[in-house]
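Q: Below is one structure. I have some questions about it.
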Amino acid sequence: MDRLKMISRTLLYKGHRVKVYEDVLEKPDGEKVYYDYVENRNGSGVLLVDEDGKLIFVRQYRTVIDDMDIEIPAGCIESGDDIVSGQDAEGSTFARIESDDMFRKCALREAEEETGLIPGKLFLVNKMVAAVGLFSERTAIYIGTELSKGSINRDSDEYIDIIKLTLEEAVDYVYQGKIVDSKTIIAIFAYKDLKNCEIL
């Protein structure tokens, strides 16, 4: 099967969180084509389910939509999660290697920091890429159960409300456009399927 061949990757812009590159690729006939590539850190998100079967979400302002958003607790893998990085000459970490344990640590940390709850069990749904044609970021999505109390420790710019919904309410929120975050939508419908199949 014919495929594009990577020729070069050039850093165009470095922001607070992301790096934007221009990729030059070559078609089988020798013609060059150009793509944008946006690098961001990988991370994890976790849908917490309490003993009553309620789903726990966080509600916070998101500048991209200029509105409040309902999401699962989530965040990026940090240096404290023992990242193993491979860098190119420009300092890009797109070749880094992150183990399943690093994703798990991230999920556990974000759950406790944002909600004050620690899941005793984590079920990995998928390591999804939200925009596979543009972004490098991979997000591990978990279902967290057997919750115990921990300590909230939010970032200084995080203003979060915690809300609880039944599974039926959460599904309705998706169809009503009240939940638009992709990782959260995946987590909700994955949990619905796993619950119906009696896996969770």
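Only the coordinates and a few stated rules stand behind these numbers; no lab work does. The model shown is predicted, which means the values in this text are computed figures rather than measured ones. In this analysis, Cβ positions are derived from the backbone assuming ideal geometry, glycine residues included, and neighbour counts consider all displayed protein chains.
Q: Arranged by the count of other C-beta atoms within 10 angstrom, fewest first, what order do 106, 76 take? Working shown, then result.
A: On the way: 106 28, 76 15.
With the fewest neighbours first, 106, 76 line up as 76, 106.
Q: Report the extension gain between residue 195 and residue 33 in nm, rounded to one decimal, defined as 0.36 nm multiplied by the number of residues separating them, less their alpha carbon distance. Mind showing how you got there, number by number?
A: Details: separation 162, 0.36 × 162 = 58.32 nm, distance 4.52 nm.
Extra length available between residue 195 and residue 33 comes to 53.8 nm.
Q: To the nearest 10 degrees, how steeply does helix 182-196 sit against the main Cα axis of the chain, on a 0 to 90 scale?
A: For 182-196 against the chain, the angle is about 50 degrees.
Q: So the label point goes 7 Å from the Cα of residue 152 along Cα→C-beta, right? Which residues of the range 117-142 then have their backbone N under 11 Å from it?
A: So the set is 117.
Q: Just from its helices, what would the mean residue ellipticity at 222 nm be for the chain, if runs of 4 or more DSSP H residues each count -39500 (n - 2.57) and the sum is divided by every residue, rounded to the nearest 500 deg cm²/dmol?
A: Values: 3 runs with 40 residues, N = 200.
The per-residue figure over the chain is -6500 deg cm²/dmol.
Q: What's the extension gain from residue 132 to residue 180 if we count 0.36 nm per residue and subtract their Cα-Cα distance? It would help to have the intermediate numbers written out before the result.
A: Values: separation 48, 0.36 × 48 = 17.28 nm, distance 1.79 nm.
That works out to 15.5 nm of additional length.
Q: Then there's this: By how many degrees, 0 to 90 and rounded to 10, does the Cα axis of helix 100-115 deviate from the longest principal axis of the chain?
A: Rounded to the nearest ten degrees, it is 50.
Q: Follow-up question, since we're still on this one. Tally the DSSP beta bridges in the chain and give the antiparallel ones as a percent, rounded to 5. Please list the in-between numbers first.
A: Numbers: 43 of 50 bridges.
Restricted to the chain, the bridges split so that about 85 percent are antiparallel.
Q: Give me the dipole magnitude in Debye, nearest 20, for the chain about the Cα centre, with unit charges on the beta carbon: positive for Lys and Arg, negative for Asp and Glu.
A: Working: 26 positive and 39 negative charges, 60 e Å.
The calculated dipole for the chain is roughly 280 debye.
Q: Given labels modelled 7 Å from the Cα in the Cβ direction, how far is it in nm from residue 100 to residue 18?
A: 3.0
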